[in-house]
1. Among (1) assigned to a loop (DSSP other than H, G, I, E, B); (2) of a type outside the set (A, V, I, L, M, F, W, C); (3) out of contact with any Gly (no Cβ under 8 Å at 6 or more places or on another chain), which single condition is A:Lys266 missing?
2. Name the pairs whose Cβ atoms lie under 8 Å apart, with the first residue in segment A:25-38 and more than 7 Å from chain B (Cβ to nearest Cβ), the second in a loop (DSSP other than H, G, I, E, B) and surrounded by 23 or more Cβ atoms within 10 Å (Cβ to Cβ), and 6 or more positions between them or separate chains?
3. Which members of segment B:10-29 meet the condition of being more than 13 Å from chain A (Cβ to nearest Cβ), aliphatic (A, V, I, L, M) and either under 18 Å from B:Thr53 (Cα atoms) or in contact with a Phe, Trp or Tyr (Cβ under 7 Å, 6 or more places away or on another chain) (or both)?
4. Can you tell me which residues in segment B:56-90 are within 13 Å of chain A (Cβ to nearest Cβ) and either in a helix (DSSP H, G or I) or modelled with pLDDT under 95 (or both)?
5. Kindly indicate the residue of segment A:53-104 that is of a type in the set (D, E, K, R) and more than 14 Å from every other protein chain (Cβ to nearest Cβ) and also farthest from B:Asn134 (Cα to Cα) among those meeting that condition.
6. Just checking, does segment A:191-203 include any residue being away from every other protein chain (no Cβ under 14 Å), aliphatic (A, V, I, L, M), assigned to a loop (DSSP other than H, G, I, E, B) and without any contact (Cβ under 8 Å) to a residue 60 or more places away in the chain?
7. Return the pairs, sorted by first residue and then second, in which the second residue is surrounded by fewer than 19 Cβ atoms within 10 Å (Cβ to Cβ) and of a type outside the set (D, E, K, R), the first residue lies in segment B:65-83 and is without any contact (Cβ under 8 Å) to a residue 60 or more places away in the chain and closer than 16 Å to B:Leu26 by Cα, the beta carbons are less than 6 Å apart, and the residues are 6+ apart or on different chains.
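The values are calculated or read from the model by the stated rules, or taken from the named source; none is laboratory data. Just so it is clear, the structure is predicted and the values come from calculations on it, not from any experiment. Positions of Cβ are backbone-derived with ideal geometry, glycine not excepted, and every protein chain shown enters the neighbour counts.
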Amino acid sequence: MRYEAPETLDAAVALLTAATGDARVLAGGTDLLVQLKTDMIDPGLVVDLKRIAEMRQIKKLPDGFHIGAAVSGAELKEHPELKKHWPGVVEAANLIGSTQIQGRATLGGNLCNASPAADSVPALIAAGARVSIHGPKGRRELAVEDVVLAPRKTALAKGEFVVSFQVPLRAKGMGDAYLRFIPRTEMDIAVVGVGVGLTTDANGVITAARIGLGAVAARPLYVKAAGDALVGSKLEAAALDKMVAAVRAACSPIDDKRGTIEFRIKVAGVIARRAAITAYERART
Amino acid sequence: MAKHHVSFTVNGDPTEILCETNATLLDVLRDELELTGTKEGCSTGDCGACSVTVDGRLVCSCLMLGVEANGKSIGTIEGLANGDKLHPLQQKFLEHHALQCGICTPGFLVASKALLEKNPDPTETEVRYWLAGNLCRCTGYDKIVRAVMDAAAEMRGA
């Protein structure tokens, strides 16, 4: 195994493109090192992206926050402004693993590891986040919900990697939340995760809503119908019921020791309702 | 296997080694530098026994390649005591009987020190959440949490 730590995006792309065998990018390493040690993977090349400045920065620009894909969860939490704008995104990222894991784990890794249960992904979907991808053909963008195609499979082509996430600046009347169900209070993988992002007008009427689901399908889902069910409402019971029905209709979970199909579908609705209420409270304050 | 020249500091001491690509920071500390205070537990980032700080940030040394340490400042359990004088956390762990077999203890101490550097006056809840990634299979957590709270109080007074 060869290790390289390039300092520019183009150098990283050149290394990945020239690789003949399996090549992996390394950000926080909290998934990659486990996969290496358990012989799940045996790459000929590992490209450490953490020496590339753009991947390690959080920038606030007029069009939104640009969050480097290799910024750690601990750094997200300590950023003075990000949590005020997108508390749901930061809280979701901070649910991943322990303090030690937070010291290394990244948004880019959480997304590109391509687990259906990744906590930050439904929250990023709810926030309307887009990713900036660099590769042999230059830069392109994708919505977060279009990156993961199936467990362990992404839409990234050979030589491509996620450089940064872009979320808009929070305008007045916007709020987000992420909640998950796990059988204990800490240190577990989501059985169900739901992110909700809402925009309200001056009267408290919801004008836009985005809902992301995790761990209830082969990949994280953007459920447009669920968000649309809330638009025009002030989160009254009828709108919430309609949203919950749309969430449950979108679920196609697996049956495993962590939860049955029936349980996951039921809980997805419960969690979505609670996350919507929290997001609405945040939007109104 | 290619070897990399890696230089970093450990507990303030400049260190240079030749590191195999697939060696973890934990391997480097224990096998190359013979700093065996840092323990290997699960090797998959679940147990916290291998906790160290990298540029002040608490991490599992089993989940980091040795080559990634190039240019970094590493803190290990060996850096806690000042010569023969124990760190207040170490002293309080003794007084509160916060260890039995001891294999988790260096990880708990390094993690607790990182907490108190950020938050000198944590609540019990904050201590418990911060240490949720450190597993102990004999003492249980109550004595450990009490020792950390007591050490924090003493360090605030000192």
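1. (1)
2. That search, which allows pairs on different chains as well, returns A:Val25/A:Leu49; A:Leu26/A:Leu49; A:Ala27/A:Leu49; A:Ala27/A:Ala69; A:Ala27/A:Ala70; A:Gly28/A:Ala70; A:Gly28/A:Arg104; A:Gly28/A:Ala105.
3. Scanning segment B:10-29 gives B:Val10, B:Val28, B:Leu29.
4. Once the filter is applied, which keeps residues that are within 13 Å of chain A (Cβ to nearest Cβ) and either in a helix (DSSP H, G or I) or modelled with pLDDT under 95 (or both), segment B:56-90 yields B:Ser61, B:Cys62, B:Leu63, B:Gly66, B:Val67, B:Glu68, B:Ala69.
5. Selected residue: A:Asp63.
6. Yes.
7. Once the first residue is without any contact (Cβ under 8 Å) to a residue 60 or more places away in the chain and closer than 16 Å to B:Leu26 by Cα and sits in segment B:65-83, its partners that are surrounded by fewer than 19 Cβ atoms within 10 Å (Cβ to Cβ) and of a type outside the set (D, E, K, R) give B:Ile77/B:Gly37.
Residues checked against (1) at pLDDT 95 or above; (2) within 21 Å of B:Trp130 (Cβ to Cβ); (3) assigned to a strand (DSSP E or B):
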position: B:Thr15; (1), (2), (3): yes, no, yes
position: B:Leu29; (1), (2), (3): yes, no, no
position: B:Thr36; (1), (2), (3): yes, no, no
position: B:Lys39; (1), (2), (3): yes, yes, no
position: B:Gly45; (1), (2), (3): yes, yes, no
